[in-house]
Amino acid sequence: PFVDDVTFVGVAVGDADYDGAAEIAAVARLTESVSRVYLLAANGALHAAEWPVQIDGGTLAGPALGNIDASGHMEIVVGTTDGAVYALGTAGQVWSTVPSVAGSISSPPEKEYRSRYCATSSRDSGMV
């Protein structure tokens with residue numbers, strides 16, 4: 001099954017709902033100011049009818065998966081080029097506030113991290 005004719009800028013794979021099967025979280029940048037977040041089953045079908053979810057802001061990197069609220073389900077976390085951070089639940093709900101902690105997160109300045117993979121979904125190519 002194909003979800004859309006889009007190019008995903010990044011993906012994360014994990015058991016997002018702790019049901020024993022892996023899900024695929026993916027982000028597609030539609031324009032410089034709009035992106036779409038997907039949660040897919042391992043076969044490429046949408047995880048639930050609520051997906052995909054459109055968010056404001058362009059994206060250049062993939063999502064992260066993590067249980068940031070100790071709910072028993074992972075959240076999909078996406079950052080945008082305008083500095084916004086979105087957290088989405090497995091049912092497609094967008095959190096109004098992303099939990100935060102004091103301090104900062106940084107990576108060593110001498111290292112540059114880039115995704116080496118890009119996935120494309122096309123109804124014509126037969127590939128996901």
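The values are calculated or read from the model by the stated rules, or taken from the named source; none is laboratory data. These figures come from a predicted structure and were not determined experimentally. Backbone-built Cβ (ideal geometry, glycine too); neighbour counts: all protein chains shown. Keep in mind that these areas ignore ligands, DNA and RNA; they rest on the heavy atoms of the full protein, side chains included. Shrake-Rupley method; radii C 1.70, N 1.55, O 1.52, S 1.80 Å.
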Quiz item: Regarding Ala12, is this residue of a type in the set (A, V, I, L, M), open to solvent by less than 10 Å² (accessible area, probe 1.4 Å) and outside any loop (DSSP other than H, G, I, E, B)?
Solution: no
Quiz item: Hey, does the range 94-107 have a residue that's modelled with pLDDT of 90 or more and surrounded by fewer than 18 Cβ atoms within 10 Å (Cβ to Cβ)?
Solution: yes
Quiz item: Given the residues Thr80, Thr97, which is the only one that is more than 14 Å from Ala12 (Cβ to Cβ), of a type outside the set (A, V, I, L, M, F, W, C) and in contact with a Gly (Cβ under 7 Å, 6 or more places away or on another chain)?
Solution: Thr80
Exercise. Would you mind listing the strands (runs of 3 or more DSSP E) fully within the range 21-86 where at least 2 residues are open to solvent by 50 Å² or more (accessible area, probe 1.4 Å) and of a type in the set (Phe, Trp, Tyr)?
Key: none
